[in-house]
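Data block below; observations after.
The values are calculated or read from the model by the stated rules, or taken from the named source; none is laboratory data. Quantities reported herein were computed from a predicted structural model and do not represent experimental measurements. Reconstructed Cβ throughout: ideal geometry from the backbone, glycine too, with neighbour counts over all protein chains shown. Quick note on the areas: whole protein, heavy atoms, side chains included, nothing else; ligands and nucleic acids left out. Shrake-Rupley method; radii C 1.70, N 1.55, O 1.52, S 1.80 Å.
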Amino acid sequence: LSFHSSDDGASVQEMLSEITNQRTVPNIFVNKVHLGGCDRTFQAHQSGLLEKLLQEDSAYDYDLIVIGGGSGGLACAQEAAILGKKVLVLDFVVPSPQGTSWGLGGTCVNVGCVPKKLMHQAALLGQALNDSRKFGWEYSQQVKHNWETMTEAIQNHIGSLNWGHRLSLREKSVVYVNAYGEFVEHHKIKATNRKGQETCYTAAKFVIATGKRPRYLGIPGDKEYCITSDDLFSLPYCPGKTLVVGASYVALECAGFLSGLGLDVTVMVRSILLRGFDQEMAERVGSYMEQHGVKFLRKFIPVMVQQLEKGSPGKLKVVAKSTEGPETIEGEYNTVLLAIGRDSCTRKMGLDKIGVKINEKSGKIPVNDVEQTNVPYVYAVGDILEGKLELTPVAIQAGRLLSRRLFGGRLEKCDYLNVPTTVFTPLEYGCCGLSEEKAIQVHKKEHLEVYHTLFWPLEWTVAGRDNNTCYAKIICNKFDNYRVIGFHVLGPNAGEVTQGFAAAMKCGLTKQLLDDTIGIHPTCGEVFTTLEITKSSGLDVTQKGC
């Protein structure tokens, strides 16, 4: 600062001498601490004081505060800590209406992907038991499933994951506070713990990674008597005869494994299955479930849930009305599981206090291509982002890359295109890229060629399981060297199959490259190397012979 060039130079100099008792220049401050002139600064350098002052951004308590200890938040916090930053993570689980809460790690670890896949596996093992007789395994006693044994084992595993997350934060010197965070003013947050005690923290930067929670219907009896995925995986008793409301992947996955464990399961669907996914694949997923004992009530919505008997499980009466006319139906169930969607946890955290824009309807946060909100020091990752994918690995990647850009001088941005995913229904559905509907919308139908086939896994043949059920299709852009823009597989281990092809799609996979790839025999994945029949040819894809 030159006093001569400044209009009010004299008054600035006056003020400085008042604060510092120093009239000479240079007059040096480091992070609001007055050091003095040239000699004093050299002395501070020799004593180590200067380094300490430079390291300590005394303006704020932390370099970064992350709100939400789920997949995205933890990845972001740990990466920032690895890069030498002072980081605080706030994580607080507001108990579900049924009183369920859980430990550090977020939805995926506690009430999402992890317990879901383990329960799906429990159901697959039941199917394998059936198949095993055909393969010569003889056992006389009636095999039955014990819900409590399964949930206890799954909860023990989740407990070890919670502990692992806490340990990992401790090793990286990330401060973890089990409290609910809300903004009170710029750069300042209030954290409220279970006992209602409040503490305020400040930071230079913030990342919002609060995720979503299950939505309720808003009808009489829903919060009193229904459960959601928040409650199911730690339910202390077998749910018995179950009504699953919804057609989301959460609804179908839960209905699938509950049925696979031998329960009587009905799915109540308002309109379509798996909105946002390829509809041909969605219908095939549904029809497999229907053929294997899951009942579907199409075009109905619940209007009331009444308790007939208390108990574990109790007995509930559900009244539902048709979406197409005046018809109403009622049914009795032991458990009603709502899986009708999830709402962003962004409305009760003081975002309005600091002016962070959210989509009023969805509660989602619009960000730019570097996950930055309209308030420059506030960023967001994960399920709460507007127009992005709600998947754990996406949140992890985005969180990690965000910290590398903010604190590590890196430039890579999270790529939200061609992200693979799998729906773990009894017959798994894996996909990467565009659905057929979306491809037609983006590219025009005449620009596309769709190759498809039904296939019969070798393991199913001896077991006597349905041929002409598993299905593979790829969508190619004829005007871009037959590039594969959509990959879809319905079959066993679809997740494992899709993961490999997703890497190929990242590399720009074309139909010719698939044809040039030699398959591994005998596998399900090899069908993609020999696709011949196009939809436009109208040829039949059912497998002849037995």
Suppose the chain between residue 386 and residue 324 were pulled fully straight at 0.36 nm per residue; how much longer would it get relative to their current alpha carbon spacing? 19.2 nm
Testing the spin-label approximation: label points 7 Å from Cα along Cα→Cβ at residue 186 and residue 446. State their distance in nm. 5.7 nm
Compute the FRET efficiency between residue 129 and residue 149 as 1/(1 + (r/R0)^6), taking r as their Cβ-Cβ distance and R0 = 22 Å, and round to the nearest 0.05. 0.90
For the Cα atoms of the chain, what angle does the longest principal axis make with the long axis of helix 113-134, in degrees from 0 to 90, nearest 10? 20 degrees
Please determine, in degrees from 0 to 90 and to the nearest 10, the orientation of helix 392-407 with respect to the longest principal axis defined by the Cα atoms of the chain, where the helix direction is its Cα long axis. 20 degrees
Surface accessible to a 1.4 Å probe, per residue, for the residues of the chain, Å²: 50 Å²
Charges on Cβ only, +1 for Lys and Arg, -1 for Asp and Glu, centred on the Cα centroid of segment 388-546; of 475, 507, 541, which one is farthest towards the dipole's positive end? 507
With label points set 7 Å from each Cα along the Cα-to-Cβ direction at residue 536 and residue 13, the distance between them in nm comes to 8.2 nm
Cross-link partners among aspartates and glutamates for residue 348, C-alpha distance below 17 Å, same-chain residues fewer than 8 apart left out? 91, 182, 185, 198, 360, 383
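Could you estimate the translational diffusion coefficient of the chain from the Stokes-Einstein equation, with Rh from the Kirkwood formula over C-alpha pairs, at 10 °C and 1.306 mPa s, in whole µm²/s?
Numbers: Rh = 26.8 Å.
Estimated diffusion coefficient is 59 µm²/s.
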Counting Lys and Arg as +1 and Asp and Glu as -1, what is the net charge of the other residues whose Cβ lies under 10 Å from the Cβ of residue 318? -1
In nm, to one decimal, how far is the modelled label at residue 544 from the one at residue 478, with both set 7 Å along Cα→Cβ? 2.8 nm
Stretch residue 361-residue 168 to full length: gain in nm at 0.36 nm per residue minus the Cα-Cα span? 65.8 nm
Lys/Arg +1, Asp/Glu -1 at C-beta; the chain dipole; positive extreme among 22, 71, 236: 236
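For a Förster distance of 56 Å, can you work out the FRET efficiency between the beta-carbons of residue 295 and residue 29, rounded to the nearest 0.05? Intermediate values should be presented prior to the final figure.
On the way: r = 73 Å, r/R0 = 1.31.
After rounding, the FRET efficiency stands at 0.15.
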Roughly speaking, what is the centre-to-centre gap between segment 370-430 and segment 290-311 when only Cα atoms are used, to the nearest Å? 35 Å
Accessible area of segment 160-253 with a 1.4 Å probe: how many percent of it is carbon plus sulfur? 51 percent
Could you tell me how many degrees, from 0 to 90 and to the nearest 10, lie between the Cα long axis of helix 279-291 and the main elongation axis, the longest principal axis, of the Cα atoms of the chain? 50 degrees
Excluding residues on the same chain fewer than 8 positions from residue 544, give the lysines whose Cα lies under 20 Å from its Cα. 473, 535
Farthest toward the dipole's positive end in the chain, which of 425, 62, 46, given Cβ charges of +1 (Lys, Arg) and -1 (Asp, Glu) about the Cα centre? 62
For the chain, give the magnitude of the charge dipole about the Cα centre (Cβ charges: +1 Lys/Arg, -1 Asp/Glu; no others), in debye to the nearest 20. 500 debye
Need the full-extension length gain, residue 416 to residue 272, defined as separation in residues times 0.36 nm minus the C-alpha distance. One decimal, nm. 49.3 nm
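Treating only the Cβ atoms of Lys and Arg (+1) and Asp and Glu (-1) as charged, compute the dipole magnitude of segment 222-340 about its Cα centre; round to the nearest 20 debye.
On the way: 12 positive and 15 negative charges, 33 e Å.
It works out to roughly 160 debye.
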Pull up the DSSP beta bridges for segment 222-340 and report the antiparallel fraction as a percent, rounded to 5. 50 percent
Name the trypsin sites (Lys or Arg not before Pro) in segment 85-145 that are in a loop by DSSP and that have at most 16 other C-beta atoms within 10 Å, would you? 144
Summed over the other residues with a beta carbon less than 15 angstrom from that of residue 160, with K and R at +1 and D and E at -1, the charge totals 0
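Counting only helical runs of four or more DSSP H residues, what would the 222 nm mean residue ellipticity of the chain come to if each run contributes -39,500 (n - 2.57) and the total is spread over all its residues? Present the calculation step by step, with values, prior to reporting the outcome.
On the way: 17 runs with 180 residues, N = 546.
The per-residue figure over the chain is -10000 deg cm²/dmol.
Rounded to the nearest percent, how much of the accessible area of segment 415-546 (1.4 Å probe, protein heavy atoms only) is carbon and sulfur? Before the final figure, lay out each step's value.
Values: 3650 of 6460 Å².
That share works out to 57 percent.
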Which three extents, in angstrom, do the Cα atoms of segment 268-392 have along their principal axes, listed largest first? 52, 38, 32
